[in-house]
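J.: Would you mind keeping the following structure in view while I ask a few things?
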Amino acid sequence: MDRIALFDTKPYDRVWFDKLNTHYKIKYLEPKLTEDTVSLAHGCRAVVPFVNDTLDKAVIDALCDLGVEIIAMRCAGYNNVDQKAAAGRIPVVRVPGYSPYAVAEFTIGLLLMLNRKLHKAYFRTRDFNFSLSGLVGFDLHGKTVGVIGTGKIGQIFIQICRGFGMEVLAYDPYPQKDKDYNYVSLEELFAKSDIISLHCPLTEDTRHIINADTIAQMRDGVILLNTSRGMLVESEALLDGLKSGKIAGAGLDVYEEETEFFFEDRSETTKRDTLLSLLVSMPNVVLTSHQAFLTTQALHNIAQVTLENIDAYLHDGKLQNVVVQ
């Protein structure tokens, strides 16, 4: 059987790969893919990295030297791939949409938790404290939410927000032509939104789209949600906005320097990112560990599409869901 290597493997990754795999001997590897660990792919025809693995020129050169034939990302994002280094040498494919519902629903969960202080209420009542002081929120009905990015996840998030009776403003450089979304400029979205939610990919144009200047354009007391990519938000500017009260709350499932920390138990480490520690300590921040995608349906779809991508290339010579060829 052909061998493939899954890097940065967690127990929940194995469940559906084991159930759906029929063609391969899978080498499950706990370490992230880096220049130091790439040699573990020796003898494998495909590697299956995750969102925070390193796929720079050094790693891609090493994969080519090892005879690896395809890089099959088991995620939608590919900003960690050096596309120039891979082009014409080793194809890169991905899973473009494993469950947009999972991410959109999780984003709403962050909003509800922030607004209604559910996390604080939960811990209070566990201590038998049933006081309501400090738990006042606001009705979502009638509020204006600004949605940056109207791909599949953004569209589902908009549907959910409309179900709550919220007004929606949208921004996307490539607007959906068959939708009745109220597209506006970024400046208007920042100025008029009570809540801003990011659902766009990380590109050179969107890197630090939330920064000191754009935060200054926002309404006082805005709530910011990010379940997309950490580098969309400049962390220092976010922290300043939270301290000043310009931003009333932030729901974050990602962080711009998350690679070393997320998906791992770092509770015993003393080496901690200062900005991340400050954000976690803020009373008006709910920060989770890049788990918005984590549903049974999403994990099934990730494994299924990843294996189909590998099958198509290794068995039929075809590329599907291509990032680089």
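The values are calculated or read from the model by the stated rules, or taken from the named source; none is laboratory data. These numbers come from a predicted model, not from an experiment. We place every Cβ from the backbone using ideal geometry, glycine too, and count neighbours over all the protein chains shown. Keep in mind that these areas ignore ligands, DNA and RNA; they rest on the heavy atoms of the full protein, side chains included. Shrake-Rupley method; radii C 1.70, N 1.55, O 1.52, S 1.80 Å.
J.: I need the full set of residues from segment 162-206 which are touching a His at 6+ places or on another chain (Cβ under 8 Å), open to solvent by less than 60 Å² (accessible area, probe 1.4 Å) and of a type in the set (A, V, I, L, M, F, W, C), in order please. Please lay out each step first, then the result.
T.: Start the filter on segment 162-206 by keeping residues that are touching a His at 6+ places or on another chain (Cβ under 8 Å), which leaves 164-166.
Imposing the further condition that a residue be open to solvent by less than 60 Å² (accessible area, probe 1.4 Å) reduces the set to 165-166.
Passing the criteria: only MET166.
J.: Moving to a separate point now. Identify the single condition in (1) open to solvent by 30 Å² or more (accessible area, probe 1.4 Å); (2) more than 18 Å from ILE153 (Cβ to Cβ); (3) among the hydrophobic types (A, V, I, L, M, F, W, C) that LEU294 does not satisfy, given that it satisfies every other one.
T.: With (1) open to solvent by 30 Å² or more (accessible area, probe 1.4 Å); (2) more than 18 Å from ILE153 (Cβ to Cβ); (3) among the hydrophobic types (A, V, I, L, M, F, W, C) applied to LEU294, the lone miss is (2).
J.: Follow-up. Is it the case that HIS119 is within 22 Å of GLY221 (Cα to Cα) and in a loop (DSSP other than H, G, I, E, B)?
T.: Numbers: within 22 Å of GLY221 (Cα to Cα): yes; in a loop (DSSP other than H, G, I, E, B): no.
When the stated conditions are applied, HIS119 does not pass them.
J.: A follow-up question, please. Can you list the strands (runs of 3 or more DSSP E) found entirely within segment 1-114 that contain at least 3 residues being touching a helix residue (DSSP H, G or I) at 6+ places or on another chain (Cβ under 9 Å) and open to solvent by 10 Å² or more (accessible area, probe 1.4 Å)?
T.: Hits in segment 1-114: 24-28.
J.: Determine if segment 228-238 includes at least one residue that is surrounded by fewer than 16 Cβ atoms within 10 Å (Cβ to Cβ) and either within 16 Å of THR107 (Cβ to Cβ) or of a type in the set (D, E, K, R) (or both). Write out each step before concluding.
T.: Just the residues of segment 228-238 that are surrounded by fewer than 16 Cβ atoms within 10 Å (Cβ to Cβ), to begin with: 236.
Add one more test, that the residue is either within 16 Å of THR107 (Cβ to Cβ) or of a type in the set (D, E, K, R) (or both), and what stays is 236.
Yes: segment 228-238 contains one or more residues that are surrounded by fewer than 16 Cβ atoms within 10 Å (Cβ to Cβ) and either within 16 Å of THR107 (Cβ to Cβ) or of a type in the set (D, E, K, R) (or both).
J.: Right, another one. When you go through (1) under 30 Å from GLU69 (Cα atoms); (2) without any contact (Cβ under 8 Å) to a residue 60 or more places away in the chain; (3) among the basic types (Lys, Arg) one by one for ARG229, which number turns out not to apply?
T.: ARG229 satisfies all of (1) under 30 Å from GLU69 (Cα atoms); (2) without any contact (Cβ under 8 Å) to a residue 60 or more places away in the chain; (3) among the basic types (Lys, Arg) except (2).
J.: At least 3 residues that are out of contact with any Asp or Glu (no Cβ under 8 Å at 6 or more places or on another chain) and closer than 19 Å to MET282 by Cα in each: list the strands (runs of 3 or more DSSP E) lying fully within segment 168-269 that qualify. Reasoning before the result, please.
T.: On the way: elements: 195-198, 222-226, 247-252.
Passing ranges, in order: 247-252.
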